[in-house]
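Asks: My structure is below; once you've seen it, I'll send some questions.
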Amino acid sequence: MEHEFQPTPIKHKYFTPSVIFISVIALIGLVFLALRFIFGLGFVTNLNQYFPWGIWIGLDVATGVALAAGGFTTAALGHIWHRDKYEVLIRPALLTAMLGYTFVALSVVTDIGRWYYVWHPLVMWNGNSALFEVGICVMVYLSVLYIEFLPIVTERFIGRVNLPGILSGLNKIVDSILRFLDRTLNKFMFVFIIAGVVLSCLHQSSLGTLMIIAGEKMHPLWQTPVLPLLFLLSAFSVGFPMVIMESLTSSKSFGLKPEKDVLTSLSRFVGPILGIYLAAKIGDMFIRESFVYLTELTLPSIMFTIEIVLGVIIPLRMFLSASVRQSTTGLYIASMLVIFGVVFNRFNNYIIAYNPPYTETSYFPSIGEISVTIGFVALEILVYRAFVMIFPIISLPVKSALRKTKYAIKGA
Amino acid sequence: MGELNRRNFLKTLGVVGATVSGIPAKKLLAQSKSELFEDRMGVLVDTTVCIGCRRCEWACKTAHDIPAGDLESYDDESVFEKMRRPANESYTVVNRYENLSNPKSPLNVKVQCMHCDHPACVSACIVGAFSKKESGAVVWDGSMCIGCRYCMVACPFQVPTFEYEKAIQPNINKCDFCIERTKGGLLPACVEICPVEAITYGKRRNLIETAEKRIELYPDRYINKIYGFTEVGGTSWMYLANREFNELDFPKLGDKPAPGVSESIQHGIFAYFVPPIALYALLGGIMWVSKNKDSKEEGK
Ligand code: SF4
Ligand code: SF4
Ligand code: SF4
């Protein structure tokens, strides 16, 4: 029965060979990150006067935000539509969103030239700027995510505050603060949950508005006034696949049995959403008659075709098939394809489609840029692992129900 | 209608912003006015008159405290072999093109920020560091800029440049229409130094008349087009030439202001905060209904 499962901190060894490998990658990224702050953007990146935005904006920020969509989509399904069955997925998705947006914010700080002015948009408002909207929404949503996470912190530490050494005098006070938070938050949490969904819809779509102002500089295959809608729909469609992929990955990594029933039933939603996205995308292409560009063999036409076929059409077909939804491998592959498709889409919109006048060479990310990007992903995985071991995120069977349920902990 | 909405939106936003940030609302409302000033200034560049002496490049640097070198070194014509673009240390550059009808006097094209009437950079800048002044000048305020480089993504003429090599206080650079000089009644440095009056400073509407007259009087000397008259909704700097402008590396642009589409989408999504609030209410309703349904089912 569902409620016999309870989010529990995972007991497991932190360092395994693959975790050590990931740590090394994270470290390399941090070295390049330090170089960027000491010697300036030009020292580490291949950005120039024609290509002001590279993968730190196109991948780390734009894709990061899209892939964190699991947070608000699951919150909407579980909390707003009250599908309790999906309760077990909300906490991992919330954590991913929280960490995802934190790293988005870090990437912004890394990319902007005057990072110490990152707070300026809070007091200097330009309501005409799509970037301003994205910036404000992301900042507010990030705070909302931390608030939504607070109950998990209180749950973990109420009655268990045990500060070391001289700090132990504070134990009582901290505990009562936690208890107070727990009581008040409970009453108001619905305000933040709805706000989180609204904010997400707003900035997910505004992320699409961002490139519209580039006008003729953007390839017609992607430049369209409905970009905000396309971005919103693609964020919707990648939300659940991200949750599925993560759930399968972490159960594998911790040696747990995958929550297949829940995931299979969640995966029913993906096909129809992908279908709506595909329809919008193709409809737009026919209204603007941009399909003519697909008849020539160019980098944009190839990239566009890959994005649509591999990233939308094939996974759409897979998610519509019952046997794929029943199989762990099928689910995993189909989800990965959707994720790949959205990553590709953001990359195409921000990097491939952008073709400014007067360029001599095209932009290709430097080793440093790539290392920082991969390093951030690695770091995020490491923090995620630490969090699920400290906080009750992943649902495990409570002891009494351990007997012969679908969950079993192997090893540790 | 759209224009009106936009102003109202800005006002609402300004007032909300003011309450949040504690700035007096009056001040913000005054700032949000950005109507085009009837008497705004401009420059007419006649590429058929320009002799490519590059004195303007030197004067521009000198006026902006950029190391400029001796004036004589600018006589070196080898720089014309490669097309150059405005850069951090040169807000204006002159490029040379062949004059098809008169090969002996080539076309020399001075390039700098166009000071658009509806500037994409102003619309795009996340913190409003760019602004369009009454004089027509589009200027950048370094004390606000966060260095996000969205202005560079937005500018249809690819003008603003960024100091990538600086780790602290990198600037966005571009021609500022010599705002400090013109405030004091001086001519822009480049205009003042030009020995052949290839660049004329004046009220934009007068310059358009001048340009039209020249085309009418010398139909052989010019093609019938004033570049910048209507491009992206009009620019303060305008050009005459006797070759098609795209052959002179001017981007081919429509007549619609560059920020038009994105601003109307942006304001559509946000119109008086109605759509977000409506969505909030809708989701709240769904939450309430589904919760009640749940508890009823449980009660059964
Ligand atoms: S040319 Fe570019 S930088 Fe200059 S005003 Fe127009 S949009 Fe702004
Ligand atoms: S780089 Fe500076 S001036 Fe340009 S858009 Fe960003 S904040 Fe505005
Ligand atoms: S107007 Fe002033 S800043 Fe602009 S190009 Fe001329 S001299 Fe340089």
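The values are calculated or read from the model by the stated rules, or taken from the named source; none is laboratory data. On a predicted model such as this, the values are computed, not experimentally measured, just so you know. Counting neighbours? That spans all protein chains shown, and the Cβs are built from the backbone with ideal geometry, glycine included. The area values use the complete protein model at the heavy-atom level, side chains included, leaving out ligands, DNA and RNA. Shrake-Rupley method; radii C 1.70, N 1.55, O 1.52, S 1.80 Å.
Asks: Determine if the range A:143-166 includes at least one residue that is within 16 Å of ligand 1 (Cβ to nearest atom) and open to solvent by less than 60 Å² (accessible area, probe 1.4 Å).
Replies: no
Asks: On to the next question. Mind checking which residues of the range B:63-87 are within 16 Å of ligand 3 (Cβ to nearest atom) and closer than 19 Å to B:Ala198 by Cβ?
Replies: Correct list: B:Ala63, B:Leu71, B:Tyr74, B:Arg84, B:Pro86.
Asks: What residue, among those in the range A:112-135 that are more than 7 Å from chain B (Cβ to nearest Cβ) and open to solvent by 40 Å² or more (accessible area, probe 1.4 Å), is farthest from A:Pro52 (Cα to Cα)?
Replies: Let us first name the residues in the range A:112-135 that are more than 7 Å from chain B (Cβ to nearest Cβ), namely A:115-116, A:119, A:122, A:134.
Applying the additional criterion that residues be open to solvent by 40 Å² or more (accessible area, probe 1.4 Å) yields A:115-116, A:119, A:122.
Working: A:Trp115: 16, A:Tyr116: 19, A:Trp119: 21, A:Leu122: 23 Å.
Ranking the qualifying residues of the range A:112-135, first place goes to A:Leu122.
Asks: How do the helices (runs of 4 or more DSSP H) wholly within the range B:155-225 filter down when requiring 3 or more residues that are hydrophobic (A, V, I, L, M, F, W, C): which remain? Lay out the reasoning, then the answer.
Replies: Numbers: elements: B:179-183, B:189-193, B:204-217.
In the range B:155-225, the matching helices (runs of 4 or more DSSP H) lie at B:189-193, B:204-217.
Asks: Of everything in the range B:113-125, what is in contact with a Leu (Cβ under 7 Å, 6 or more places away or on another chain) and either open to solvent by 10 Å² or more (accessible area, probe 1.4 Å) or away from ligand 2 (no atom under 11 Å from the Cβ) (or both)? Give them in sequence order. If you could, list the steps in order and put the result at the bottom.
Replies: Taking the range B:113-125 first, the residues in contact with a Leu (Cβ under 7 Å, 6 or more places away or on another chain) are B:117, B:124.
B:Asp117 - this is the single residue of the range B:113-125 that is in contact with a Leu (Cβ under 7 Å, 6 or more places away or on another chain) and either open to solvent by 10 Å² or more (accessible area, probe 1.4 Å) or away from ligand 2 (no atom under 11 Å from the Cβ) (or both).
Asks: Being in contact (Cβ under 8 Å) with a residue 40 or more places away in the chain, more than 10 Å from chain A (Cβ to nearest Cβ) and surrounded by fewer than 13 Cβ atoms within 10 Å (Cβ to Cβ) is the requirement here; does B:Asp220 meet it? Working first, answer last.
Replies: On the way: in contact (Cβ under 8 Å) with a residue 40 or more places away in the chain: yes; more than 10 Å from chain A (Cβ to nearest Cβ): yes; surrounded by fewer than 13 Cβ atoms within 10 Å (Cβ to Cβ): yes.
Yes; evaluated as a whole, the condition is true for this residue.
Asks: Condition first: more than 14 Å from chain A (Cβ to nearest Cβ) and surrounded by fewer than 23 Cβ atoms within 10 Å (Cβ to Cβ). Can you find one or more residues in the range B:154-161 that meet it? Working first, answer last.
Replies: So the first thing to find is which residues in the range B:154-161 are more than 14 Å from chain A (Cβ to nearest Cβ), and the list is none.
No, that holds for no residue.
Asks: Can you name the number of the only condition in (1) within 14 Å of chain B (Cβ to nearest Cβ); (2) more than 23 Å from the chain's Cα centre (by Cα) that A:Lys85 fails?
Replies: Only one criterion in (1) within 14 Å of chain B (Cβ to nearest Cβ); (2) more than 23 Å from the chain's Cα centre (by Cα) is unmet by A:Lys85, namely (2).
Asks: Out of all the residues in the range B:144-198, which are of a type in the set (A, V, I, L, M), more than 23 Å from B:Glu231 (Cβ to Cβ) and more than 12 Å from ligand 2 (Cβ to nearest atom)? Walk me through how you get there before you give the answer.
Replies: In the first step, residues of the range B:144-198 are kept if they are of a type in the set (A, V, I, L, M); the result is B:144, B:146, B:152-154, B:159, B:167-168, B:172, B:179, B:186-187, B:189, B:191, B:193, B:196, B:198.
Then drop every residue that is not more than 23 Å from B:Glu231 (Cβ to Cβ), which leaves B:144, B:146, B:167-168, B:186-187, B:189, B:193, B:196.
Result: B:Ala167, B:Ile168, B:Leu186, B:Leu187, B:Ala189, B:Ile193, B:Val196.
Asks: May I ask you to list the residues in the range A:350-369 that are away from chain B (no Cβ under 14 Å) and either touching a strand residue (DSSP E or B) at 6+ places or on another chain (Cβ under 8 Å) or surrounded by 18 or more Cβ atoms within 10 Å (Cβ to Cβ) (or both)? First the steps, then the outcome.
Replies: The first filter runs over the range A:350-369 and keeps only residues away from chain B (no Cβ under 14 Å), leaving A:352, A:362, A:364-365, A:367.
The answer is A:Ile352, A:Pro365.
Asks: Sticking with this structure for a sec: If you check B:Lys110, B:Lys133, B:Lys82, B:Lys104, which single one turns out to be surrounded by 23 or more Cβ atoms within 10 Å (Cβ to Cβ) and among the basic types (Lys, Arg)?
Replies: Numbers: B:Lys133 fails: surrounded by 23 or more Cβ atoms within 10 Å (Cβ to Cβ); B:Lys82 fails: surrounded by 23 or more Cβ atoms within 10 Å (Cβ to Cβ); B:Lys104 fails: surrounded by 23 or more Cβ atoms within 10 Å (Cβ to Cβ).
Exactly one of B:Lys110, B:Lys133, B:Lys82, B:Lys104 is surrounded by 23 or more Cβ atoms within 10 Å (Cβ to Cβ) and among the basic types (Lys, Arg), namely B:Lys110.
Asks: What number goes with the only condition from (1) open to solvent by 20 Å² or more (accessible area, probe 1.4 Å); (2) within 12 Å of chain B (Cβ to nearest Cβ); (3) touching a residue at least 60 places away in the same chain (Cβ under 8 Å) that A:Ala34 does not pass?
Replies: Looking at each condition in turn, A:Ala34 falls short on (3).
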